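Undergrad: My structure is below; once you've seen it, I'll send some questions.
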Amino acid sequence: MARFTVVGGGIAGASTAYHLAKSGHQVTVYDRADTGQATDASAGIICPWISQRRNKKWYRLVKESAKYYPEFIAQLQEETGLDTGYRREGSISLVKDDHIQNLAFERIQSKQSDAPEMGDVRKVSREEVKRMHPNLTDLYPGVYVEGGGQVKGAILLKALKAGFMKYGGEWINADYDGQSVDGTLIYTTGAWGIEQRHEPGVRHQRSEVLHFRLADSQNNDRTPVIMALGPIYIVEMGLNQYAIGTTHEDTESFEAIPSQENYEYLRGLAHRYFPDSKIEDVRMMVGLKPYTRDFLPFLGYAKENVFVINGMGATGLTASPLVGREVARYLNNEETTLDINDYSYI
Ligand SMILES: Cc1cc2nc3c(=O)[nH]c(=O)nc-3n(C[C@H](O)[C@H](O)[C@H](O)COP(=O)(O)OP(=O)(O)OC[C@H]3O[C@@H](n4cnc5c(N)ncnc54)[C@H](O)[C@@H]3O)c2cc1C
């Protein structure tokens, strides 16, 4: 049994701590729950196959992660008896017109042979979109991916924490201020990783999401995740309740108060996608998404006995369960599915 101290209790830290504790190690997590924690603000899509990003190492990471999700969730639910907020109702990528629909369909379907967990991939007409998502605008056709899923960051985090403690982990709600510890120190400090001044440097983007409900909706069915035009998504948070986002702003500020400008922008989008509905605000959420070099997560030693996991970016909810498992295997000298050296680029 080895000794690990994990600093940072967002999804990356909690997943790593959970997998290490599960493999029999003595693990302590320090978390100071900063306002703006990315995991808390996220309304997460698990659907990596539709991305147009060309970075192969990133794609391998998120593809393997999406594959691991169902097994990971089933185990966590069995261990804790808790909900994780994970659901698979499929996803629809909306497109402007039929020509773009053909291109998008070919691009997405080409990934299927290597990722059968995507399930069925098909073009959906404006009418089909409307049938699957009755309150949504009927302006756009789309491409449906059956395996698309979603998870609520804050709920998953709670379940992970419970699973971690079930395996004997110790969770301390406090700042880790650099006191010496036995064993290996693992920093999973997200946007606040800048405080450690390790290479590679950490920067962050501030993202805002609007949660709202459709006050006059009669719909009683669950709806798929919507990847709308541009980098906009719509995720169901409860029956007839949705989150729409996100905004992206590179910043050095750690302020996490919603801005009026972003609220108005997101409110405008909610009206555009649900033009016939009575929209009531629930709340705005703000999260600070951490990035390292090339938008690729960093997993590796910063110095002896100090391991860093950071830069989870816009797909950290997708990637973190697998990252936690893989890092635990790596630190246990076990075989890993990913080549960790691909992500240890200093
Ligand atoms: C609005 C929004 C939408 C998103 N949507 C998606 C999505 O659809 N799909 C997807 O896959 N991902 C999504 N993400 C990305 C994902 O949420 C992040 O990549 C992920 O949550 C990052 O997790 P983390 O653990 O690295 O950082 P965080 O969740 O920010 O956690 C870092 C933690 O470290 C703690 N900490 C820092 N320093 C110290 C210290 N010295 N001592 C103790 N504790 C410390 C902080 O308080 C914080 O709790 C979204 C993010 C946002 C903000």
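Undergrad: Which residues, taken from segment 303-314, are of a type in the set (A, V, I, L, M), near the ligand (Cβ under 8 Å from one of its atoms) and surrounded by 24 or more Cβ atoms within 10 Å (Cβ to Cβ)? Please lay out each step first, then the result.
TA: Let us first name the residues in segment 303-314 that are of a type in the set (A, V, I, L, M), namely 306, 308-309, 312, 314.
When the remaining residues are screened for being near the ligand (Cβ under 8 Å from one of its atoms), the result is 309, 312, 314.
ILE309, MET312 - these are the residues of segment 303-314 that are of a type in the set (A, V, I, L, M), near the ligand (Cβ under 8 Å from one of its atoms) and surrounded by 24 or more Cβ atoms within 10 Å (Cβ to Cβ).
Undergrad: Would you mind stating whether GLY230 is at positive phi and within 16 Å of the ligand (Cβ to nearest atom)? Even if it seems obvious, please write down each step before you answer.
TA: Values: at positive phi: yes; within 16 Å of the ligand (Cβ to nearest atom): yes.
When the stated conditions are applied, GLY230 passes them.
Undergrad: Do the conditions hold for ALA162, that is, is it surrounded by fewer than 24 Cβ atoms within 10 Å (Cβ to Cβ) and part of a helix (DSSP H, G or I)? Break it down into steps so the answer makes sense when it comes.
TA: Values: surrounded by fewer than 24 Cβ atoms within 10 Å (Cβ to Cβ): yes; part of a helix (DSSP H, G or I): yes.
Considered against the rule, which asks whether it is surrounded by fewer than 24 Cβ atoms within 10 Å (Cβ to Cβ) and part of a helix (DSSP H, G or I), ALA162 comes out as yes.
Undergrad: A follow-up question, please. Would you check if GLU89 is closer than 14 Å to MET227 by Cα and touching a Ser or Thr at 6+ places or on another chain (Cβ under 8 Å)?
TA: Values: closer than 14 Å to MET227 by Cα: yes; touching a Ser or Thr at 6+ places or on another chain (Cβ under 8 Å): yes.
The answer is yes for GLU89.
Undergrad: Collect the residues in segment 251-302 that are touching a residue at least 60 places away in the same chain (Cβ under 8 Å), polar (S, T, N, Q) and within 14 Å of the ligand (Cβ to nearest atom), keeping them in residue-number order.
TA: THR292, the sole residue that qualifies.
Undergrad: Where in segment 33-131 are there strands (runs of 3 or more DSSP E), lying wholly inside it, with at least 3 residues that are more than 24 Å from GLU208 (Cα to Cα)?
TA: Values: elements: 43-46, 91-94, 121-124.
Of the strands (runs of 3 or more DSSP E) lying wholly inside segment 33-131, those with at least 3 residues that are more than 24 Å from GLU208 (Cα to Cα) span 121-124.
Undergrad: Further question: Inspect segment 44-60 for any residue being surrounded by fewer than 17 Cβ atoms within 10 Å (Cβ to Cβ), without any contact (Cβ under 8 Å) to a residue 24 or more places away in the chain, of a type outside the set (A, V, I, L, M, F, W, C) and within 19 Å of LEU299 (Cα to Cα) and give the result as yes or no.
TA: Yes, some residue in segment 44-60 is surrounded by fewer than 17 Cβ atoms within 10 Å (Cβ to Cβ), without any contact (Cβ under 8 Å) to a residue 24 or more places away in the chain, of a type outside the set (A, V, I, L, M, F, W, C) and within 19 Å of LEU299 (Cα to Cα).
Undergrad: Please verify whether segment 5-22 includes one or more residues that are more than 14 Å from the ligand (Cβ to nearest atom), surrounded by fewer than 24 Cβ atoms within 10 Å (Cβ to Cβ) and closer than 29 Å to VAL143 by Cα.
TA: No: segment 5-22 contains no residue that is more than 14 Å from the ligand (Cβ to nearest atom), surrounded by fewer than 24 Cβ atoms within 10 Å (Cβ to Cβ) and closer than 29 Å to VAL143 by Cα.
Undergrad: Follow-up. Only one of ASP216, ASP182, ASP175, ASP221 is within 8 Å of the ligand (Cβ to nearest atom) and surrounded by fewer than 19 Cβ atoms within 10 Å (Cβ to Cβ). Can you tell me which? Don't jump to the end; show me each part of the working.
TA: Details: ASP216 fails: within 8 Å of the ligand (Cβ to nearest atom); ASP182 fails: within 8 Å of the ligand (Cβ to nearest atom); ASP221 fails: within 8 Å of the ligand (Cβ to nearest atom).
After applying the criteria, what remains is ASP175.
Undergrad: Given the residues GLY230, GLY193, which is the only one that is under 21 Å from the mean Cα position of the chain (by Cα) and modelled with pLDDT under 95? Explain how you work it out, then say what you get.
TA: Details: GLY193 fails: modelled with pLDDT under 95.
Among GLY230, GLY193, only GLY230 is under 21 Å from the mean Cα position of the chain (by Cα) and modelled with pLDDT under 95.
Undergrad: Inside segment 315-346, can you point out the residues that are within 14 Å of the ligand (Cβ to nearest atom) and either part of a loop (DSSP other than H, G, I, E, B) or not small (Gly, Ala, Ser) (or both)?
TA: THR315, LEU317, THR318, PRO321, LEU322, VAL323, VAL327, TYR343
Undergrad: Here's something else I'd like to know. Please report, ordered by residue number, the strands (runs of 3 or more DSSP E) entirely within segment 257-314 with at least 2 residues that are at pLDDT 95 or above, closer than 30 Å to TRP58 by Cβ and in contact with a His (Cβ under 8 Å, 6 or more places away or on another chain). Before the answer, list the steps.
TA: Values: elements: 279-291, 298-303, 306-310.
The strands (runs of 3 or more DSSP E) meeting that bar are 279-291, 306-310.
Undergrad: Test of understanding: among SER65, SER15, SER91, which residue is over 21 Å from ASN310 (Cα atoms) and of a type in the set (Ser, Thr, Tyr)? I'd like the intermediate steps shown before the answer.
TA: Numbers: SER65 fails: over 21 Å from ASN310 (Cα atoms); SER15 fails: over 21 Å from ASN310 (Cα atoms).
The match here is SER91.
Undergrad: Now, a different point. Is there a residue being more than 10 Å from the ligand (Cβ to nearest atom) and under 18 Å from ASP31 (Cα atoms) anywhere in segment 192-207? Steps first, answer last, please.
TA: Step one: list which residues in segment 192-207 are more than 10 Å from the ligand (Cβ to nearest atom), which gives 197-201, 203.
Filter again for under 18 Å from ASP31 (Cα atoms), leaving none.
Within segment 192-207, none of the residues are more than 10 Å from the ligand (Cβ to nearest atom) and under 18 Å from ASP31 (Cα atoms).
Undergrad: When you go through (1) within 16 Å of the ligand (Cβ to nearest atom); (2) crowded, with 19+ Cβ neighbours inside 10 Å; (3) free of Cβ contacts under 8 Å to residues at least 60 places away in the same chain one by one for PRO141, which number turns out not to apply?
TA: (1)
Undergrad: Considering only segment 23-47, state which residues are more than 8 Å from the ligand (Cβ to nearest atom) and within 23 Å of GLY148 (Cβ to Cβ).
TA: Of segment 23-47, the ones more than 8 Å from the ligand (Cβ to nearest atom) are 23-29, 35, 47.
Once the filter is applied, which keeps residues that are more than 8 Å from the ligand (Cβ to nearest atom) and within 23 Å of GLY148 (Cβ to Cβ), segment 23-47 yields only CYS47.
The values are calculated or read from the model by the stated rules, or taken from the named source; none is laboratory data. Note that the structure is a prediction, hence the values are computed from the model and not measured. All Cβ positions, even for glycine, are placed from backbone atoms using ideal geometry, and neighbour counts span all protein chains on display.
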